[in-house]
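The values are calculated or read from the model by the stated rules, or taken from the named source; none is laboratory data. All values reported here derive from a predicted model rather than from experimental measurement. Because the Cβ atoms are built from the backbone with ideal geometry, glycine has one as well, and the counts that use them run over all protein chains shown.
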Amino acid sequence: MIGRHPRSPGNETGVLFLDIDDFKSVNDTWGHGAGDAVLRAVADRARLTIRGGDIVARMGGDEFLVTLEGLHDLAEAIRVAEKIRTACAEPVATVGGDVLVTVSIGVTLSDPVESGDTLVVRADRAMYKAKQNGRNQVAALT
């Protein structure tokens with residue numbers, strides 16, 4: 001196409017810490033089968049939102065970690081997180097009916113001098129900031 005140029009990758013790595021809001025109530029209200037369907041749907045929706053080289057990994061329970069390579073800045077990571085949040089808000093079809101879920105997502109950029117554990121803790125703190133601000137949102141920490 002004329003006037004279109006390939007996107008040049010940036011040098012930043014973004015880390016998103018995603019938590020399903022009120023997941024316990026999904027299991028309590030709809031059953032564990034519905035909870036499993038919600039976990040699969042959130043993972044699939046996150047995976048379908050990111051680029052091929054990025055990673056979605058379940059941390060345990062209802063928490064997921066997403067790594068985004070080749071970003072230009074924090075704003076780009078926030079935009080991806082918002083796309084994931086929006087995709088996860090679509091109803092999840094289960095045997096018992098459609099389940100509505102929301103997610104809170106913490107966003108940060110890696111710092112080459114910090115450990116991976118420190119990076120995950122910072123992304124987790126950002127996620128808790130999103131929860132404290134009312135859930136179903138994205139919050140960032142630098």
* Look at Val120 and say whether it is touching a Gly at 6+ places or on another chain (Cβ under 9 Å), at pLDDT 95 or above, surrounded by 14 or more Cβ atoms within 10 Å (Cβ to Cβ) and among the β-branched types (Val, Ile, Thr). => no
* Structure fact -> All-but-one check, Phe64 against (1) aromatic (Phe, Trp, Tyr); (2) touching a helix residue (DSSP H, G or I) at 6+ places or on another chain (Cβ under 7 Å); (3) surrounded by fewer than 18 Cβ atoms within 10 Å (Cβ to Cβ), failing number (3)
* Out of curiosity, is Val92 surrounded by 14 or more Cβ atoms within 10 Å (Cβ to Cβ), within 19 Å of Lys129 (Cα to Cα) and either at pLDDT 95 or above or touching an Asp or Glu at 6+ places or on another chain (Cβ under 9 Å) (or both)? -> no
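Looking at segment 99-113, can you tell me whether even one residue there is without any contact (Cβ under 8 Å) to a residue 40 or more places away in the chain and either buried (at least 17 other Cβ atoms within 10 Å of the Cβ) or under 23 Å from Thr29 (Cα atoms) (or both)?
Scanning segment 99-113 turns up at least one residue that is without any contact (Cβ under 8 Å) to a residue 40 or more places away in the chain and either buried (at least 17 other Cβ atoms within 10 Å of the Cβ) or under 23 Å from Thr29 (Cα atoms) (or both).
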* Structure fact -> Among Arg125, Arg40, the single one that is in contact with a Leu (Cβ under 7 Å, 6 or more places away or on another chain) and either farther than 30 Å from Ser8 by Cβ or among the hydroxyl-bearing types (Ser, Thr, Tyr) (or both) is Arg125
* Subset of segment 63-96 that is more than 19 Å from Gly53 (Cβ to Cβ) and without any contact (Cβ under 8 Å) to a residue 12 or more places away in the chain - its residue that is farthest from the chain's Cα centre (by Cα) -> Pro91
* Test for Phe17: is it crowded, with 16+ Cβ neighbours inside 10 Å, aromatic (Phe, Trp, Tyr) and touching a helix residue (DSSP H, G or I) at 6+ places or on another chain (Cβ under 6 Å) -> yes
